[in-house]
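Working notes, beginning with the structure itself.
Quick note: the coordinates plus some simple rules give every number you see, no bench work behind them. This one's a predicted model, so the numbers in the text were calculated from it and none came from an experiment. Cβ placement follows ideal geometry from the backbone for every residue including glycine, while neighbour counts extend to all protein chains displayed.
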Amino acid sequence: MTCSCIWPNNLASDMNFTLPNLFGALDMAVFLRQDADTFGLHTEAPPWLLFFLRQSEQEGCSLSQTFPYLSCFMEDAEQHWQAHQTQRLPSGIWVETDELGNELALEANALWVDGQAVLLIQHLGEKYREAVNHLQHLRNGLLEQEKLENEVLRRTLKIKQREEEIAIKLVSLTSYRDEETGAHVKRIGLYAAAMAKALNWPGQQVDDIRIAAPMHDIGKIGVPDKILLKKGKLTDTEFAIMKRHTEIGARMLENSNIPVLNMAAEIALCHHEKWDGNGYPRGLSGTDIPLPARITSIVDIYDALVHERVYKKAMSEKEALALMQSMTHSHLDPELFQLFLELLPVMRRIRKEVNEIGDLLVSY
């Protein structure tokens, strides 16, 4: 099935396109081919594209790696460009998942404009859903198998959502005893999943860290209230007891046949390890610290610094990032922190859209 991409009949008389507002209104990104498999973004990146294409990649990237669906289409597009065809060649529609778990229907079009190979990628939005619904109405018989497959996908998504809800409920056991919030733990999972996606993790592992990262402090349930809720500085003895929450959490979650719980156990145990080896409980250093724990440490610190708690005011993002930068090479993995900085537009979107009003968790 294809869905027509809305685009102007005449892009412009030169490659300095004069229609940026129109492209923005169409939710479309314009790429110019630089060589066989490298494209540069020619228009401002629409919000949906930021999750898939970091700022450092916008001047030159492999779109077939960013969007694997396009890898086969590029062969047809190459022939189209070599023939200097000015009419559009559509890729057909494919679906991606963004940082908030929303499905995005996308379509690419290849064309030749004034001696330049151009690739347009458009987010089709509700028009795609309307077209699908109309086609299903006309072809109910032929689409029965596809409907069954879609039902399986829907049920799979429901299972993932239930797993995430169970994880948040487990974490909420500790939130009644300290200052963590439901919105905070949900954001931790979304931040961590965005970093895993950028690291090209398989889809299942991206889902796993989204669910596992929020459970990093679950072991606090085993820390006495007089220590957990103490407002002043902990004594050496009290701090030694507090540090045991890492091992308590790991014991609660380990030895499972469920991969997401095994990852959660690893994160719970190691999220207070430091890059220079001065963390706890094992004094691991560098890449000996499991990658999921290093990711969780960065996003947990960021979210805690930029949000207000009853015991502290929120830092500005600039102040928080400066503090975190000073912690690289000692506390934080420097390469992962650089990746985090490249993903800031994605992180800011998560911060904006996952909030807490009173006791109500709101994801816009």
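Worth pointing out:
- Computed from label points 7 Å out along Cα-Cβ, the spacing between residue 59 and residue 257 is 5.3 nm.
- The range 33-50 and the range 187-223: distance between their alpha carbon centers, rounded to Å: 29
- Taking label positions 7 Å along the Cα-Cβ direction at both residue 72 and residue 353, the computed distance is 2.9 nm, reported to one decimal.
- Amide H to amide H, with H built 1.01 Å from N, residue 117 comes under 5 Å of 33, counting only residues 5 or more places away or on other chains.
- Residues 184, 329, 271, sorted so that the one with the fewest Cβ neighbours within 10 Å comes first: 329, 184, 271
- Once the C-beta distance of residue 328 and residue 243 is scaled by a Förster radius of 30 Å, the resulting FRET efficiency is 0.85 to the nearest 0.05.
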